[in-house]
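Each reported figure results from applying straightforward, stated rules to the coordinates on display, with no laboratory input. Computed from a predicted model, the values in this text were never measured in an experiment. Ideal geometry is used to build each Cβ from the backbone, glycine not excepted, and the neighbour counts take in all protein chains shown.
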Amino acid sequence: MHQTAYIDKENKLGNFPSNRYPPSCTELENHLSQANQDYKIAIDYGNQIADYNKLLLDKCSSQENTNLISQITEKELSLSKLKSKLKKNSEKKDKEICFLNSKLSELEHMKNELIEKNDKLEHQKSDILTDNNRTIFLCQFLRKNNHMS
């Protein structure tokens with residue numbers, strides 16, 4: 001309700017006339033009613049923005065949860081594969097250990113047989129040496145006796 005006469009070069013909208021009569025009760029009620037409507041509209045927009053932000057946060061959280069669940073699932077799958085691989089390797093190593101223990105047992109048995117054979121040979125060698133010594137002694141004795149006669 002500005003009059004064009006009040007518009008000057010500095011202020012394009014013009015100045016509110018300060019020397020005019022005070023606002024009427026109806027005018028104040030209209031201003032109050034308009035302010036209340038503006039307030040309700042602002043509250044509605046604020047609530048809509050809050051709801052929209054909540055939806056965005058829920059969507060982000062949902063996407064983050066989906067991503068986290070997907071990552072966890074991938075990690076669990078990798079862990080499962082590693083466990084399976086380790087189990088197979090462990091079973092293979094167990095078989096190799098059993099095989100090597102069997103071979104070690106065979107080698108121990110062969111070693112014991114060789115020790116026994118070596119002991120027998122040593123005993124036979126000792127017997128032969130003893131027999132040789134006897135034979136040599138007997139030969140020497142016989143030579144002496146033959147020379148004397």
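Hey, how many Å between the Cα centroid of region 47-102 and the Cα centroid of region 106-149?
When both Cα centres are located, 77 Å separates them.
For region 100-149, build the charge dipole from Cβ charges (+1 Lys, Arg; -1 Asp, Glu) around the Cα centre, then report which of Thr135, Leu114, Ser102 sits farthest towards its positive end.
My answer, from the dipole projection, is Thr135.
Using a basic spin-label model with each label point 7 Å from the Cα along Cα→Cβ, how many nm lie between Lys88 and Gln124?
Result: 5.4 nm between the two label points.
Full-extension gain between Ile115 and Glu76, please, as 0.36 nm times their residue separation minus the C-alpha to C-alpha distance.
Values: separation 39, 0.36 × 39 = 14.04 nm, distance 5.67 nm.
So the chain would gain 8.4 nm between Ile115 and Glu76.
Which number comes out as Rg/Rh for region 4-148 once both Rg and the Kirkwood Rh are worked out on C-alpha atoms?
Values: Rg = 57.2 Å, Rh = 29.0 Å.
Result: Rg/Rh = 1.97.
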